[in-house]
Every structure is written in structure tokens, then in C-alpha cells.
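Worksheet: the structure to be examined is printed underneath.
The values are calculated or read from the model by the stated rules, or taken from the named source; none is laboratory data. What you see is a predicted model; the values in this text were computed from it and never measured. All Cβ positions, glycine included, derive from the backbone under ideal geometry; neighbour counts span all protein chains shown.
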């Protein structure tokens, strides 16, 4: 359906006239021209049917009248008094032209949105995933309208060309960024390996485990902010995870690594780490939304076109609602963060108490072992002394069986023998005492 129609009909005086209808889509109006048939020459009629209907300008006679009509779905586009036999053509034009107007407004809205995206992309100094997602989402909306045939092919082609230019710009920025990330990622990975390796060396050397655990947690906290490639990030994470396993094995034994149930502190710490990562992402998302809010606020205040202003205001309302929703979630996260921090502090204090208790227990065990060893040594020494005395006793008994020299000497020998015998009996009694168990 063309935007210009030429029909024959009659006016309010029942005079034959040429009726010309010209759609002004941007203004949602139709210009109705009438030319008395007597003033339309064969040449003018040919030009009207060929050139004017195609959209070209044609000079009309002075007797031409012009009436401006609002384009609506219900009211006729013909002024009262004008009649034509081609009412079917009039009705079809009215319906189709209404769609043309709406499609044009839809195209204008998308063109305006594309201008916003273009301004953002042109200001970029490096690749932005947000800008890529915005442009991708925009083009998906356009494609949906094209599939539903709500946009004319010429409008869709222009939108496609302009969108492809922006995609090419972002692809160039992305290629540059990826090359930079590849270079820097290798350097960061090497530094990360060095830092984790230093902690592993201290673990093997028997350093203070709690301090080393805190050092690993600090590395884990900084991990999410490091700009790795996907493969380098996986390698760095494996390195960090292995260091944690070594520390846990050193501290708790193999069962803590091979399948033992995680401690309450470890479970709470994992939950806290996950929450902190989610809080970081939410804060970044809110920051992006606020940036968009400022951008569209400036856009709404700087435009004097009603449709663009309405679209901008709608966007502002939508972004505000999104920010409010995200802020509520962030507040809940921050509340949970405070609770988890208090719980972590409590678990760490309990763990420190347990560590001190374990140290005291180990020291007591060493002391008990030392005392038991000393008791065993004393008992063994007494056993040796008793054996020596028994040998001496045997020699004395042999001496008793020999002939006596004289009475006085025999008396002295008897007294010595009794003394030695008493010492022997005393030593045996001491040696027979049961050695205390540890």
C-alpha cells in the first residue's frame, strides 16, 4: 500500500473531482486534496497517477483545495461531503496507514534506543560486556519485531546496518582486550603460584598453621578479583585448593582431606566466601544500573521530542524499580554477612582454644613419658645393684665353710657378714617394689 492515493469522486455540490490522499505518517495525519475534474488535463492526470502516487512532487492547479484530517481507526479519512465509489480502497488504506504510523513510531523508538547504545559504545576505551549484552538484547528485540512483520524491511535493514557497525566496534575492542588478558594472565598466574608455593613451603617446614590458614584465606579472597583467562583461573584454583588440602592434612590428618566431614568453621567460611562474591556482583550490578539511570536522566532532560521523552521516562522507572529490588536483596546479604562474621569469629576463638588444649595435652604426654622413663632407669639400676650384692653374699657363704683362724678374727668376720647380709636383704626388698605404670 502506497502512502499516496488518487481517486475519482464527487464533492458536497455533487461536482466531479479528483481526490488525492497523502499520508503524513510522522504526524499521524492525512492531507486530502480535491481538484475539479474540469481542471485536470490528460498530462496532469498522468503525472498524478504515476509520479505523485510514487511520492514525487507535482504542481497542482489553483483550484485545488486542501483539508487536514487526523488518522484514526474509526473515523473516516474523507471529509464530510466527499464521496467515492472506491470505499473499499479507502477502508483498506485507513487500516494499513494506521499500521504504517505505528510501525514508524516503533522504528523511531528503536532508532532512538540505538543512538543511546551508540553513544555508550563510542565512549568505550576497552571492551565492555555490559555494552555487548545491551546491543545483543536490542537486536533480539528488533528481530522479533521483524519476524512478526511489525517493522518494514527498509527500516529493519537500516537498523541491521547500524547495529552491525556497533558489533564490529565491540569485536575489535574484545580482540584487543583478550590479547592483553592473555599476556597479563600469565604474569598474574606466575605470581600466584609463587605466593601459594611460599605458603606450602612453610606448611612443610612446620610453620604456625593458623597463620598459614589465614594467609591462604587472604589469597582466596583476592582470587576473584584477579584477571585470569579461563584455563589459567582453573590452574590457579587447583593450586590453591591443593595448598588447603595440605594444610588440613597437616593439621587434622588424612581423614580431614580424604573424606572427613568439614568442620563448622570450614563450612561457615565457604558460605561466607560465597556470600562475599555474591555481594560483590550485586554491588557491581547496582552500580551499572545507577550509571544507566544517570545516562537516561540526562537524555530525558535534553530531548524535546515527546516520544523519546516518554520512552526515556519509562526506562528511568524501570531502572529505578530494578535498583530498588536489587538493593533490598543486597541489604539482606549484608545482614547475613554480619551474622556469618560473628559466627566465624566464634568458631575461630573455639579453634584457638582447642589448639591451646591440644598443645597442653601434647606437653603433658611428653612429660609423663619422661617421668616413666626415669622410673624405669632407676628400677633397672637397683636390679643391677641387687645382683652384685647376691654375688658378694655367695662369696661370704663360701668363706664361712673355711676353717677358722682364731676366735677374735672369727668374731670380726661374723659381724661383717651380718652387716653385708642385712644390706643384701634390704636391696632385694627395694628391687622387688613394682615399677609404676605411666
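Yes/no matrix, rows are residues, columns are (1) assigned to a helix (DSSP H, G or I); (2) touching a helix residue (DSSP H, G or I) at 6+ places or on another chain (Cβ under 6 Å); (3) surrounded by fewer than 17 Cβ atoms within 10 Å (Cβ to Cβ):
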{"residue": "125", "(1), (2), (3)": "no, no, yes"}
{"residue": "136", "(1), (2), (3)": "yes, no, yes"}
{"residue": "154", "(1), (2), (3)": "yes, no, yes"}
{"residue": "157", "(1), (2), (3)": "yes, no, yes"}
{"residue": "173", "(1), (2), (3)": "yes, no, no"}
{"residue": "179", "(1), (2), (3)": "yes, no, yes"}
{"residue": "187", "(1), (2), (3)": "yes, no, yes"}
{"residue": "212", "(1), (2), (3)": "yes, yes, no"}
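Within the option set 92, 69, being assigned by TED's automatic domain parsing to the domain that holds residue 13 and either more than 19 Å from residue 143 (Cα to Cα) or more than 57 Å from the chain's Cα centre (by Cα) (or both) holds for one residue only, 69.
Could you grab me the full set of residues in the range 312-342 that are at pLDDT below 85 and in contact with a helix residue (DSSP H, G or I) (Cβ under 8 Å, 6 or more places away or on another chain)? Those that are at pLDDT below 85 and in contact with a helix residue (DSSP H, G or I) (Cβ under 8 Å, 6 or more places away or on another chain): 312, 313, 315, 316, 319, 320, 322.
Going by the structure shown, is residue 13 over 30 Å from residue 108 (Cβ atoms) and not in a strand (DSSP E or B)?
Details: over 30 Å from residue 108 (Cβ atoms): yes; not in a strand (DSSP E or B): yes.
Against the criterion (over 30 Å from residue 108 (Cβ atoms) and not in a strand (DSSP E or B)), residue 13 qualifies.
Here residue 11 qualifies as at negative phi, out of contact with any helix residue (DSSP H, G or I) (no Cβ under 9 Å at 6 or more places or on another chain) and modelled with pLDDT under 90. Screening the range 16-73 for residues that are part of a helix (DSSP H, G or I) and touching a helix residue (DSSP H, G or I) at 6+ places or on another chain (Cβ under 8 Å) and picking the one that is surrounded by the fewest Cβ atoms within 10 Å (Cβ to Cβ) gives 26. Does residue 53 fit the bill of being farther than 25 Å from residue 13 by Cα and modelled with pLDDT under 90? Judged against the criteria, residue 53 is a match.
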